[in-house]
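What follows draws every value from the coordinates through simple rules; no lab data is involved. Remember, predicted model here, so these are calculated numbers, not experimental data. Using ideal geometry, Cβ is built from the backbone for each residue, glycine included, and neighbour counts are taken over all protein chains shown.
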Amino acid sequence: MKPTILAAVLFAAIASCGPSRTTMLRYPQAPVAFDRAGSEAKAVELADKVAAAAGPVEKWAAVKQLRWGETIKNDGKTVIDGEEGWDRWNARHYGRLIREEGDVVVHREIYGGEQVAAWGEQPGKRVKLEDAQAQQAAKVAAERWQFDSAVLAMPWLMEEPGTKLKYGGQATGDAGPLEIILVTFDPNDKARLGSSFQVDIDPATNTIARVEIVKPAGNIGYKLSGWKEVGGLKFPTVLNNIGLATEVITFHDIGIADPEEELYNLQY
């Protein structure tokens, strides 16, 4: 191929990709910024304090990928062991369930409809899952991401575009009164399904003491502790189930980095 023809082909390929994004990929029709006026002033005031205590909002805004390990134990026995990667820049998710008989791995586009890949994995070997198994694995991975990412990043997600905040009054905590923020994600954000949380804040430290998932049949709540600083941001590492004292969730190996392409490869 002549150099002039090659140059023309390359130019056409680049042009077809359009301009590079300069912001995070969000859900379709997402607002540009958090609507402070659209939430209750008292709740916004509290959320500001929580974000400031957990780390500068501008640092969170610069996080392109968050990756972590997770272990869930009940009565001291490991029920779930795995890891997740959240490519915030490109809205992608990687999940791995670690098992003795072979891991289950899921790669999915968070806003990509059916863009999902799932397989069983053993050292040096991959086993393609049947469609029904792959769909179930993707469903479980999505549910874990919805919860895990929300709890880990709640100090900043409370002021993400599309989030609505209400002041919920006070609650009694282990060490005194707590201030309540009711958090609702945008129903248009199909990845979070308009989920709602009750966030209980310790006013003495402006840290989140408890997070409850609001459910029609009753809330499911966790006490948060073991806050650890990573890249200038503080994340909870221990979650104790309020209604089931024997269950403990531990987040570990939390890391911030540029997106690792191999984690999100949809090719089997």
Exercise. When we measure straight from the Cα of Lys228, which lysines land under 16 angstrom away, once same-chain ones fewer than 8 places off are left out?
Worked result: Lys59
Seminar exercise, completed: From the cross-link list Lys64/Lys234; Lys139/Lys223; Lys139/Lys234; Lys77/Lys125; Lys73/Lys166, the entries with a Cα-Cα span beyond 22 Å are Lys139/Lys223; Lys139/Lys234; Lys77/Lys125; Lys73/Lys166
Seminar exercise, completed: Here the membrane-span-like helices of the chain, with no claim about any membrane, defined by DSSP H, Cα axial extent at least 15 Å and mean Kyte-Doolittle at least 0.0, are 3-17, 41-54
For this session: Within region 100-132, report the GluC sites (Glu not before Pro) that DSSP leaves as loop and that have at most 14 other Cβ atoms within 10 Å.
Result: Glu100, Glu101, Glu114, Glu130
Exercise. Two-decimal Rg/Rh of region 81-143 from alpha-carbon positions, Kirkwood Rh?
Worked result: 0.96
For this session: Would you work out the charge dipole size for the chain about its Cα centre, treating the Cβ of every Lys and Arg as +1 and the Cβ of every Asp and Glu as -1, and quote it to the nearest 20 debye?
Result: 460 debye
For this session: Could you work out the Kirkwood radius for the chain, taking every pair of different alpha carbons, averaging 1/r and inverting it, reported in Å?
Result: 20.1 Å
Exercise. If you wrap region 121-179's Cα atoms in a convex hull and average its projection over all directions, what's the area in nm²?
Worked result: 8.0 nm²
Seminar exercise, completed: For Lys164, the lysines lying under 20 Å Cα to Cα, once residues fewer than eight places off in the same chain are dropped, come out as Lys42, Lys49, Lys190, Lys215
